[in-house]
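The values are calculated or read from the model by the stated rules, or taken from the named source; none is laboratory data. Keep in mind that what you see is a predicted model, and the values were worked out from it rather than measured. Cβ sites come from the backbone with ideal geometry, for glycine too, and all protein chains shown count toward neighbours. Just so you know, the surface numbers come from the protein's heavy atoms only, side chains and all, with ligands and any DNA or RNA stripped out. Shrake-Rupley method; radii C 1.70, N 1.55, O 1.52, S 1.80 Å.
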Amino acid sequence: MKITINQQATELPASATVADALAQLQARPPFAVAVNTVFVPRTQYAVHALQDGDRMEVISPVTGG
């Protein structure tokens with residue numbers, strides 16, 4: 001299936017979860033995740049199934065002023 005992660009087209013297996021996408025992305029904490037603009041709690045990463053066409057954002061905190 002094809003999804004978009006941080007505005008980049010990405011190919012994942014049909015049964016992929018948020019955790020699978022993060023592993024492929026090699027994301028390093030800290031970060032937050034939203035799928036189709038809806039926040040996904042960390043406890044749901046392994047069970048939140050992705051669908052073809054989903055838009056996933058991995059957002060890292062920014063410090064400074």
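Quick notes
- Residues I5, I59, ordered by accessible area of protein heavy atoms at a 1.4 angstrom probe radius and largest first, appear as I59, I5.
- Within the accessible area of the chain (1.4 Å probe), percent carbon and sulfur: 54 percent
- Charge sum, other residues only, whose C-beta stays under 9 Å from A32's C-beta, Lys/Arg counted +1 and Asp/Glu -1: 0
- Counting heavy atoms of the protein chains alone, D52 has an accessible area of about 110 Å² for a 1.4 Å probe.
- Amide H contacts of T17: L50, each under 5 Å away and 5 or more positions distant or on a separate chain (H built 1.01 Å from N in the peptide plane; Pro and chain starts excluded).
- Dipole of the chain, positive direction: furthest Cα of V38, M1, V62, with charges on the beta-carbon: V62
- Accessible surface for the chain, divided over its residues, is 69 Å² per residue with a 1.4 Å probe.
- Rg/Rg_ref, the chain, where Rg_ref = 2.2 N^0.38 Å and atoms are Cα: 1.07
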